[in-house]
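A short write-up of the structure that comes next.
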Amino acid sequence: MQSPLLSPAEFAADAILEERTPVHEMIRLGIVGCGYVTALSHLPASLLTPQVAVTALADLDLSRAQEVAQHYHIPVATADYGELLGQVDGVIVAVPHNHHAAVALDFLQQGIPVLVEKPMAMSTAECQQMIDVAAAKQVALAVGQVRRFYDSSQLVKRLLETRFLGDVERFEAQEAVLFDNFNASPFTLQPPAGGVLFDTGPHVLDALHWWLGDFAQVAYWDDAIAGVEANCRLEVTTTNGVPGVIELSRTRRLANESRIWCEQGVITISAANAYGVTIESAHFAGPISAAHVVDADQARQITPFFARQLQNFAAAIQGQAPLLAPGAEGMRAIATMQRCKAAKQPMATPKWAEIPEQVIACLP
Amino acid sequence: MTNPLDLRSSKILITGASGFIGGRLAEYLTLHYAADVRCLVRSYGKAVRLARLPVTLLSGDLLNADAVQAAARECDIVFHCAFGASGTPEERRRATVDGAQNMLEAAAAAGVQRFVHVSTIAVHGPDPGVQITEETPLQYSDDVYADAKIDAEKLVNTYEATRGLPVTIVRPTIVYGPRAGGWTVAQIQQMRSGKHTLIEGGSGIANHVYVDDVVQLLLLAAVRPEAVGQAFIASHGTGVTWCDFFQHYASLLGVELRNLSLETIAQQRKRMAQLRRPHNMGLSFAASPHAQSIIREMPVLGGLVQAAHRRIPGNVKESLLAHAAAMRETKLNPPALPRQWMIDLFCAKGLCQIDKAQRLLGYRPQFDLADGMQRTQCWLRDVGLV
């Protein structure tokens, strides 16, 4: 069986274009949800993936589905995803987080393979139900943990597995997506699916679980007062006893990187470079990259990795390769996030955000 | 005299709550008063801090009368903080003026008990005199923001006069503090990029006010019966120079403040005006290597130019080339000249008076510049801007 860790060469765009799959052998793919990730990532990636042809789109906002379908020359656009049943061989579920499980289950129960966007679902119970149905129907259930397909992420996995820098001693991860920069979907700011933990968290937590294992202990703080959090902090210890700190934000400029301190050096993984990592050690210092990266703009290009994800999904549907991020793997981040919410503590209010006593004395 | 409104038992609508002043107001109303607050939000991307609070987020644009009507329904108090902050001048004007009209109409239809309209000190013009009070005349200044705010104020007064809507207008001055765009973040960014400049040594008066003091006045304006039908200036009430104001940011960044004199600005404007004359534009173009290579390769024109070159006396040629090079330099690297309203504002010596708000509402600003800047700097560090 083919290794799920696919080399960049296997996915080089020119190689793909030279080996176009005959149309009758292509997997007919449907996509439910036509938001940003579909328009900006999945559909461009599908053009780099010869094994699939996106044949149908569904979105509750029919005009949005039609607009995206027209742009990508997709024959079917519908407001009712039920119409995709019987028309597709696999489906990507990219709807608001709290609807992931219900929509995915509708397809899995009909024996249709599913690639569900991250987070896989809102609870481990939902995840387990999805896993159980997929197993019963013997269909693929992939989770859109696309960072597992990044060269940088796979490099870290290998470096740690081979103990390149010795045992891991501690780690830190910081990631901020500043919302002022784009028009966010309303669901990302409303309970139950909103908040930075369920938005950015699945990427960061999944990578850490993949590299370092599950967490034995989790302490969690966030700044939500009644709505959804803009900032959160996790202090964790892995099952191997490695301590780590994770900070996620929508308002603060953070380093946007993970750092792993090992016995013989430090690995730095930047969220802005999907192709390589930086190592600092007594024996070696500098960037190492799995592919030739021309500049920072190219390093941020992640469409090729969405294509890898899609190709892995297609290979799994055809029984040619195991999934790199199957349901059981996607559930690990959900389990941690669920523990976070259960153990939530309020984050200390910074001085600048307090309501000062002297003002209160003047208020009506 | 009627009793003050009670914020704790009122239903309150805030527009512009995803912005700077509206956002801080929402924090006071929810965290201190536990008020029932709903917020009309156009861009969810800007509402991340707001979304942490116990508020109801309503999606809608001020220009959508139906959405505005629905938002105001059953509300007791409306704080109208939103205005046209982005887009073309026409779009900004529409959001400010037509948006205010929609909001006023909705508030009147809902029978709200107080409509607090957030205006701006800019309605008095960029340099309205030495003592600026609420009675200082409103003055159009060809600035989209200020002129639209004047028109919005006129609408507010019309709704009070014709529909009996209990309104109060608040005119903040230079508002700074955590999350302030114009007078905090933008200044920091300009200083970082070397584009920030004082004018005339920053000797004009900065009528500063820390955001929490503006919120204090908004809350007083919302509940005090004396506020109905009145306008109030929201300022700290003490004058500092612009140099003093900007020095806080400069010190934080470790940069020197740059200065432009009015004389230098006049000279640079003159040079820019010269560049716009047709013969100078032609010279500037002709001085570019690209244009010269094109002309040389044109058989007839190239020959003529070279012949002309030979006939022009050397000193005249040198002078022409130097002039052309200077024009080209000005075209390629135009000086960053401040806009006129900035020049007027930074040179103005007027001090905004707050006696009226103090006398009628009991307004007591709590943050002098040092205190306010200290909190602002905490925020700048916390969010990684410095």
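The values are calculated or read from the model by the stated rules, or taken from the named source; none is laboratory data. Fair warning: this is a prediction, and the values are worked out from it, not measured in the lab. Because the Cβ atoms are built from the backbone with ideal geometry, glycine has one as well, and the counts that use them run over all protein chains shown.
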(message) Against the definition (part of a helix (DSSP H, G or I) and either of a type in the set (Gly, Ala, Ser) or without any contact (Cβ under 8 Å) to a residue 24 or more places away in the chain (or both)), how does B:ALA146 come out, yes or no?
(response) yes
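One line per residue, one yes/no per condition, for (1) closer than 30 Å to A:LYS341 by Cβ; (2) in the same structural domain as A:PRO191 (by TED's automatic domain parsing); (3) surrounded by fewer than 24 Cβ atoms within 10 Å (Cβ to Cβ):
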{"position": "A:THR78", "(1), (2), (3)": "no, no, yes"}
{"position": "A:ILE92", "(1), (2), (3)": "yes, no, no"}
{"position": "A:ALA102", "(1), (2), (3)": "yes, no, yes"}
{"position": "A:LEU105", "(1), (2), (3)": "yes, no, yes"}
{"position": "A:CYS127", "(1), (2), (3)": "yes, no, no"}
{"position": "A:ALA135", "(1), (2), (3)": "yes, no, yes"}
{"position": "A:ARG158", "(1), (2), (3)": "no, yes, yes"}
(message) Is it the case, given these coordinates, that A:PRO186 is free of Cβ contacts under 8 Å to residues at least 24 places away in the same chain, surrounded by fewer than 22 Cβ atoms within 10 Å (Cβ to Cβ) and closer than 30 Å to B:ALA51 by Cα?
(response) yes
(request) Would you be able to tell me the number of residues in segment B:133-171 that are hydroxyl-bearing (Ser, Thr, Tyr), more than 16 Å from B:CYS352 (Cβ to Cβ), surrounded by fewer than 20 Cβ atoms within 10 Å (Cβ to Cβ) and over 17 Å from the mean Cα position of the chain (by Cα)? (result) 2
(message) Consider segment A:161-183. How many of its residues are more than 14 Å from chain B (Cβ to nearest Cβ) and surrounded by fewer than 20 Cβ atoms within 10 Å (Cβ to Cβ)?
(response) 9
(message) Restricting to segment B:343-363, name every residue that is buried (at least 17 other Cβ atoms within 10 Å of the Cβ) and touching a Cys at 6+ places or on another chain (Cβ under 9 Å).
(response) B:TYR363
(request) Go through (1) farther than 30 Å from A:PRO364 by Cα; (2) modelled with pLDDT of 75 or more; (3) more than 14 Å from chain A (Cβ to nearest Cβ) and name the single condition B:HIS290 misses. (result) (2)
(message) Condition first: within 10 Å of chain A (Cβ to nearest Cβ), buried (at least 20 other Cβ atoms within 10 Å of the Cβ) and charged (D, E, K, R). Can you find one or more residues in segment B:23-34 that meet it?
(response) yes
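Confirm whether A:ALA216 is within 14 Å of chain B (Cβ to nearest Cβ) and without any contact (Cβ under 8 Å) to a residue 40 or more places away in the chain.
Details: within 14 Å of chain B (Cβ to nearest Cβ): no; without any contact (Cβ under 8 Å) to a residue 40 or more places away in the chain: yes.
No, not satisfied.
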(message) Can you report the number of residues in segment B:208-228 which are touching a Cys at 6+ places or on another chain (Cβ under 6 Å) and more than 8 Å from chain A (Cβ to nearest Cβ)?
(response) 0
(request) Please indicate, with yes or no, whether at least one residue in segment B:218-233 is out of contact with any Asp or Glu (no Cβ under 7 Å at 6 or more places or on another chain) and free of Cβ contacts under 8 Å to residues at least 40 places away in the same chain. (result) no
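Quick check on segment A:223-261: of everything there that is within 14 Å of chain B (Cβ to nearest Cβ), part of a strand (DSSP E or B) and of a type in the set (D, E, K, R), which residue is farthest from A:GLN345 (Cα to Cα)?
Kept after step one, since they are within 14 Å of chain B (Cβ to nearest Cβ), are these residues of segment A:223-261: A:223-233, A:247-257.
When the remaining residues are screened for being part of a strand (DSSP E or B), the result is A:231-233, A:247-249, A:257.
Filter once more, keeping what is of a type in the set (D, E, K, R): A:233, A:247, A:257.
Numbers: A:ARG233: 10, A:GLU247: 14, A:GLU257: 24 Å.
Filtering first and then ranking leaves A:GLU257.
Hey, any hits in segment B:356-363 for a residue that's in contact with a strand residue (DSSP E or B) (Cβ under 9 Å, 6 or more places away or on another chain), in contact (Cβ under 8 Å) with a residue 24 or more places away in the chain and within 9 Å of another protein chain (Cβ to nearest Cβ)? Before you say what the answer is, go through the steps one by one.
Start the filter on segment B:356-363 by keeping residues that are in contact with a strand residue (DSSP E or B) (Cβ under 9 Å, 6 or more places away or on another chain), which leaves B:356-357, B:360-361, B:363.
Okay, now just the ones that are also in contact (Cβ under 8 Å) with a residue 24 or more places away in the chain, so B:356-357, B:360-361, B:363.
This time we only want the ones that are within 9 Å of another protein chain (Cβ to nearest Cβ), so: B:361, B:363.
Yes, there is a match, as at least one residue in segment B:356-363 is in contact with a strand residue (DSSP E or B) (Cβ under 9 Å, 6 or more places away or on another chain), in contact (Cβ under 8 Å) with a residue 24 or more places away in the chain and within 9 Å of another protein chain (Cβ to nearest Cβ).
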(message) Among the residues in segment A:78-93, are any on the phi < 0 side of the Ramachandran plot, of a type in the set (Val, Ile, Thr) and without any contact (Cβ under 8 Å) to a residue 40 or more places away in the chain?
(response) yes
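For the structure I just gave you, tell me whether B:ASP382 is of a type outside the set (Ser, Thr, Tyr), within 14 Å of chain A (Cβ to nearest Cβ) and more than 26 Å from B:THR238 (Cβ to Cβ). Step through it out loud before you land on a result.
Numbers: of a type outside the set (Ser, Thr, Tyr): yes; within 14 Å of chain A (Cβ to nearest Cβ): yes; more than 26 Å from B:THR238 (Cβ to Cβ): yes.
Against the criterion (of a type outside the set (Ser, Thr, Tyr), within 14 Å of chain A (Cβ to nearest Cβ) and more than 26 Å from B:THR238 (Cβ to Cβ)), B:ASP382 qualifies.
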(request) Test each condition in (1) among the aromatic types (Phe, Trp, Tyr); (2) more than 11 Å from chain A (Cβ to nearest Cβ); (3) buried (at least 24 other Cβ atoms within 10 Å of the Cβ) for B:TRP183 and report the one that comes out false. (result) (3)
(message) Taking the conditions exactly as written (under 22 Å from B:HIS196 (Cβ atoms) and either over 23 Å from the mean Cα position of the chain (by Cα) or within 14 Å of chain A (Cβ to nearest Cβ) (or both)), does B:VAL316 satisfy them or not?
(response) no
(request) From (1) more than 14 Å from chain B (Cβ to nearest Cβ); (2) over 18 Å from A:PHE313 (Cα atoms); (3) not in a loop (DSSP other than H, G, I, E, B), pick out the condition that doesn't hold for A:ALA104. (result) (2)
(request) Determine which member of the set B:VAL55, B:VAL48, B:VAL41, B:VAL68 is assigned by TED's automatic domain parsing to the domain that holds B:GLY181 and touching a Phe, Trp or Tyr at 6+ places or on another chain (Cβ under 6 Å). (result) B:VAL48
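Regarding A:LEU189, is this residue over 20 Å from A:GLU257 (Cβ atoms) and aliphatic (A, V, I, L, M)? Spell out the reasoning first.
On the way: over 20 Å from A:GLU257 (Cβ atoms): yes; aliphatic (A, V, I, L, M): yes.
The answer is yes for A:LEU189.
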